[in-house]
Amino acid sequence: MTTRTLQADTVAEAYLELLRDRGIEYFLGNAGTDFASLVDAFAKFEAQGKGGPTPLVIPHEMVAVSMAHGYYLGAGRPAAVMVHVNVGTSNAATGIITASRANVPILMSAGRTPITEEGLRGARDLHIHWAQESFDQAAMLREYVKWDYELRTPVQLESVVDRAMELMQAEPRGPVYLSLPREVLAAPVSGMTIASPSRRQVASERFPDPARIDEAARLLAAAESPLILTSASGRDARGVSGLVELAEAGGIGVVEADPTYMNFPLRHDLHLGFNQSGQTNSSLADADVILVIDADVPWYPALVKPKATAKIIHLAIDPFFSRYPMRSYPCDVPIAAAPGIALPMLAEAVRRHADRAKVDARSRHVAAEHRKRLAAWDAQAMEQASKSTIGFAWVAKCLEQLIDDDTVVVNEYPLDRRHTAFSKPGSYFASPHSSGLGFGFGAALGVKLAQPERTVIATLGDGAYFFSEPTSCHFVQRAHNLPLLTIVFNNQRWEAVRSSAAQLHPDGWAVKTGRFPLSDLTPSPRFEDIVKAFDGYGERVENPGDVAPALKRGLAAVREGRQALLHVLCRRQP
Ligand SMILES: Cc1ncc(C[n+]2csc(CCOP(=O)(O)OP(=O)(O)O)c2C)c(N)n1
């Protein structure tokens, strides 16, 4: 075992040294009096020219957690977030619920008000130190983290950090929560020796059960109308190539169910569109064998479901979504494995079992259907080009023309994927299905932090923008040099709330009167002026013909290093 002795005077300093040693590059902080020893330690690192973790001030906790989430999506490595005691933890909670449901690791930490009322360095000396104490601070997040702990004594520092690191990165991944009392952070240390590198490696691929792969392959090969449904098989780039390989091996159509990643190229002949609210996919009802890959909600049983005789295969690291209290999709063949590993194996097995002529016939049939659907979507978008108001499909189509291989889009609601094709793994992320609004803007900042060379675009509803703590996001762009193009699709309402009322009560008062209380977001602010307060480029767009030129101007500003926001007035159109 190789060891290293830390040159640290306090636990706070030793903690940061340990984080650096364990590969944590960014420390996203929203500070309070609990940070005193960390502030001092960072100042010492700066004065001595020591490297990371780099501390970044993030003015709201939701933004800090969403950034750590986006950073993981872009870098594949976790970041550390630290917030102020119980109050900061509660502001961070929505982001942690989101990371938990998305299996994204975050080292979430918070100060803990001083335990002692006098006698120790760091003991209580402000009124908040009494009023901010909780009986159980971590209880607020316990349901949504994989592990929580309080650092009780300097002696356990290395064990506690390593436990946090190993549990958040072990599959299925997720955030962990560590509380750090003020006296413990302030405690003196001398000559603390740690294992370096850490002896707690967790990387280990989840291979599938070969018997289940064979069973699934036989079913898919023999099917008349097999279908694949996925939400997140593209969380790993190998999942994208593996899915293409499998679909081609079996001539199987692919439907994305509320996709949260780029899973399968939209313009691939075997892409059959989407299944999500408002877009029920007609292929679902015809299928006799269905492979569900990393999809918590592959269909909505109350609206449409597969034939009772259809065989259902589920593939995911945790195909049962064990942390969901209730979920009752039929499962004839479970495959608990990483899709990126299992898909090429499944493709190989399907090739072995399938009849080539049958696969060719199926592929031709699916490709014809693909072309038909794509043509209808394109026609819908083009029709909106000449309308007097801007439609969502038209904005998505204009955006499609401008994105290249270096562009990443983070979408919180408005972008209609039927009209914007992505072909590169990691080029598209959507808000996870727990839908804690306010995720998208911060997550886009995190992607930009991980991939500064790429152009990052946040597509947000006007509702999502309000929830995202926008002034914090604009501040972070300027303070930490992370310019984004933000597109606010402003329909001046919470359409999700409105359409849910209309759907549940089709003959009700709201539909009859055309009044939907509690869903209206007028009068809209001049969103384009908010960004100007942060030296950004802002523009309001009201006509379909102005969308593409405005997008070009916004992108040009971002590529010159200036944040930009386009306020696009949109109407939902048939
Ligand atoms: C924290 C939080 N509060 C409330 C909701 C409920 N909710 C879901 S979608 C939505 C409206 C979002 O508005 P917008 O981004 O403008 O999209 P639109 O519904 O208009 O398409 C609301 C309020 C939520 N998901 N999360």
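The values are calculated or read from the model by the stated rules, or taken from the named source; none is laboratory data. Just so it is clear, the structure is predicted and the values come from calculations on it, not from any experiment. Methodologically, a virtual Cβ is constructed for each residue, glycine included, from the backbone with ideal geometry; neighbour enumeration extends over all protein chains shown. Quick note on the areas: whole protein, heavy atoms, side chains included, nothing else; ligands and nucleic acids left out. Shrake-Rupley method; radii C 1.70, N 1.55, O 1.52, S 1.80 Å.
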Exercise. For GLY52, all conditions in the list (1) part of a loop (DSSP other than H, G, I, E, B); (2) surrounded by 24 or more Cβ atoms within 10 Å (Cβ to Cβ); (3) out of contact with any Pro (no Cβ under 7 Å at 6 or more places or on another chain) hold save one; what is the number of the exception?
Worked result: (2)
For this session: Of all residues in the range 480-494, count the ones that are aliphatic (A, V, I, L, M) and within 16 Å of the ligand (Cβ to nearest atom).
Result: 2
For this session: State the number of residues belonging to the range 548-565 that are touching a residue at least 60 places away in the same chain (Cβ under 8 Å), in contact with a strand residue (DSSP E or B) (Cβ under 8 Å, 6 or more places away or on another chain) and open to solvent by 60 Å² or more (accessible area, probe 1.4 Å).
Result: 2
Exercise. Which residue out of GLY111, GLY88 is buried (at least 17 other Cβ atoms within 10 Å of the Cβ), part of a strand (DSSP E or B) and in contact (Cβ under 8 Å) with a residue 24 or more places away in the chain?
Worked result: GLY111
For this session: Name the single residue, out of those in the range 419-440 being outside any strand (DSSP E or B) and buried (at least 22 other Cβ atoms within 10 Å of the Cβ), that is farthest from the ligand (Cβ to nearest atom).
Result: PHE422
Exercise. Which of (1) more than 25 Å from the chain's Cα centre (by Cα); (2) buried (at least 16 other Cβ atoms within 10 Å of the Cβ); (3) part of a helix (DSSP H, G or I) is the odd one out, the single condition SER198 does not satisfy?
Worked result: (3)
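Among the residues of the range 217-248, what is the count of those that are outside any strand (DSSP E or B) and crowded, with 23+ Cβ neighbours inside 10 Å?
Result for the range 217-248: 13.
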Exercise. Considering the range 114-127 alone, what residues qualify as being on the phi > 0 side of the Ramachandran plot and buried (at least 18 other Cβ atoms within 10 Å of the Cβ)?
Worked result: GLY122
Exercise. ALA443 versus (1) part of a helix (DSSP H, G or I); (2) closer than 24 Å to LEU303 by Cβ; (3) within 16 Å of the ligand (Cβ to nearest atom): which is the lone unmet condition?
Worked result: (2)
Exercise. GLU46 fails exactly one of the following numbered conditions: (1) of a type in the set (D, E, K, R); (2) surrounded by fewer than 16 Cβ atoms within 10 Å (Cβ to Cβ); (3) at pLDDT below 95; (4) not in a loop (DSSP other than H, G, I, E, B). What is the number of that condition?
Worked result: (3)
Exercise. Hey, any hits in the range 529-537 for a residue that's farther than 24 Å from GLU400 by Cβ, within 16 Å of the ligand (Cβ to nearest atom) and over 27 Å from the mean Cα position of the chain (by Cα)?
Worked result: no
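One line per residue, one yes/no per condition, for (1) within 16 Å of the ligand (Cβ to nearest atom); (2) open to solvent by less than 50 Å² (accessible area, probe 1.4 Å):
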residue: THR459; (1), (2): yes, yes
residue: GLY463; (1), (2): yes, yes
residue: THR471; (1), (2): no, no
residue: PHE475; (1), (2): no, no
residue: ARG478; (1), (2): no, no
residue: ALA496; (1), (2): yes, no
residue: SER500; (1), (2): yes, no
residue: ASP507; (1), (2): no, no
Seminar exercise, completed: When every residue in the range 509-547 that is of a type in the set (Lys, Arg) and not in a strand (DSSP E or B) is compared, the one surrounded by the most Cβ atoms within 10 Å (Cβ to Cβ) is LYS532
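So that you can scan it fast, the table gives a plain yes or no per residue for (1) within 32 Å of the chain's Cα centre (by Cα); (2) more than 20 Å from ALA99 (Cβ to Cβ); (3) among the aromatic types (Phe, Trp, Tyr):
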site	(1), (2), (3)
HIS129	no, yes, no
GLU133	yes, yes, no
ASP136	yes, yes, no
GLU143	yes, no, no
ALA186	no, yes, no
Seminar exercise, completed: All-but-one check, GLU383 against (1) farther than 30 Å from ARG540 by Cα; (2) open to solvent by 60 Å² or more (accessible area, probe 1.4 Å); (3) free of Cβ contacts under 8 Å to residues at least 24 places away in the same chain, failing number (1)
Exercise. Any idea which residue in the range 447-486 is farthest from PHE516 (Cα to Cα), counting only those that are in contact with a Pro (Cβ under 8 Å, 6 or more places away or on another chain) and β-branched (Val, Ile, Thr)?
Worked result: VAL476
Exercise. Within the group VAL511, VAL568, VAL476, which residue is touching a helix residue (DSSP H, G or I) at 6+ places or on another chain (Cβ under 7 Å) and free of Cβ contacts under 8 Å to residues at least 12 places away in the same chain?
Worked result: VAL511
For this session: Tell me, please, whether a residue that is open to solvent by less than 50 Å² (accessible area, probe 1.4 Å), in contact (Cβ under 8 Å) with a residue 40 or more places away in the chain, more than 26 Å from ALA496 (Cα to Cα) and more than 12 Å from the ligand (Cβ to nearest atom) can be found in the range 394-406.
Result: yes
Problem set entry | Where ILE106 falls short, out of the listed (1) open to solvent by less than 20 Å² (accessible area, probe 1.4 Å); (2) within 16 Å of the ligand (Cβ to nearest atom) | (2)
Problem set entry | Subset of the range 319-366 that is of a type in the set (Gly, Ala, Ser), in contact with a Gly (Cβ under 8 Å, 6 or more places away or on another chain) and in a helix (DSSP H, G or I) - its residue that is most open to solvent (accessible area, probe 1.4 Å) | ALA361
